[in-house]
Amino acid sequence: MRIDDLTLDELLELNDLICHRIDELRARQDLDVLKHLRLGQAVSFNSREGEVFGQVVKINRKTVVVHAEDHRQWKVPAGVIKLLRDIP
């Protein structure tokens, strides 16, 4: 299948399928992170300002609130969180 040969309707349908698949993969990634998160856990994530390190202070259904080392709070999607260590 060549993309140049598709009609506008076919391209729109393909776009819907791709967007739906991306949403599914992101949701799966979010759930995988959320099932391993605990309050107080050390985490990191990348922001426009660089890598941010902090602790989890709140876990929502799709987002996580992180209290950063610079005393700022960030509300970020669960899928961008990287776990650093387990709670002792």
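The values are calculated or read from the model by the stated rules, or taken from the named source; none is laboratory data. Everything numeric in this text was worked out from a predicted model, so none of it was measured. Glycine also receives a Cβ, built like all others from the backbone with ideal geometry; neighbour counts cover every protein chain displayed. Surface accessibility is based on the protein's heavy atoms, side chains included, excluding ligands, DNA and RNA. Shrake-Rupley method; radii C 1.70, N 1.55, O 1.52, S 1.80 Å.
Where does each of 16-26, 45-55, 61-71 land if you order them by average Cβ count within 10 Å, highest first? Before the final figure, lay out the partial values.
Numbers: 16-26: 10.5, 45-55: 12.6, 61-71: 14.6.
My ranking of the peptides, most packed first, is 61-71, 45-55, 16-26.
Below 8 Å between Cα atoms, with a sequence gap of 6+, how large is the relative contact order for the chain in percent? Before the final figure, lay out each step's value.
Working: 117 pairs, mean separation 22.5, N = 88.
The normalised contact order for the chain reaches 26 percent.
So for the chain, taking the charge dipole from beta-carbon charges (+1 Lys/Arg, -1 Asp/Glu), which of 8, 33, 56 sits furthest toward the positive end?
56
So what is the accessible area of the chain per residue, in Å², with the probe set to 1.4 Å?
Details: 6850 Å² over 88 residues.
Roughly 78 Å² per residue, with all protein chains present.
Magnitude of the Cβ-charge dipole of the chain, K/R +1 and D/E -1, about the Cα centre, nearest 20 debye? Please report the intermediate quantities before stating the final value.
Working: 14 positive and 15 negative charges, 161 e Å.
The calculated dipole for the chain is roughly 780 debye.
Over the chain, with every protein chain in place, what whole percent of the accessible area is carbon and sulfur at 1.4 Å, could you tell me? Intermediate results must be reported in sequence, preceding the final value.
Details: 3670 of 6850 Å².
Summing carbon and sulfur atoms, their accessible area is 54 percent of the total for the chain.
At a 1.4 Å probe radius, which order do 58, 75 fall into by accessible area, largest first?
Working: 58 110, 75 145 Å².
Per-residue accessible area, sorted high to low, gives 75, 58.
Helix 8-34 sits at what angle to the longest principal axis of the chain, using alpha carbons and giving 0 to 90 degrees rounded to 10?
It works out to around 20 degrees.
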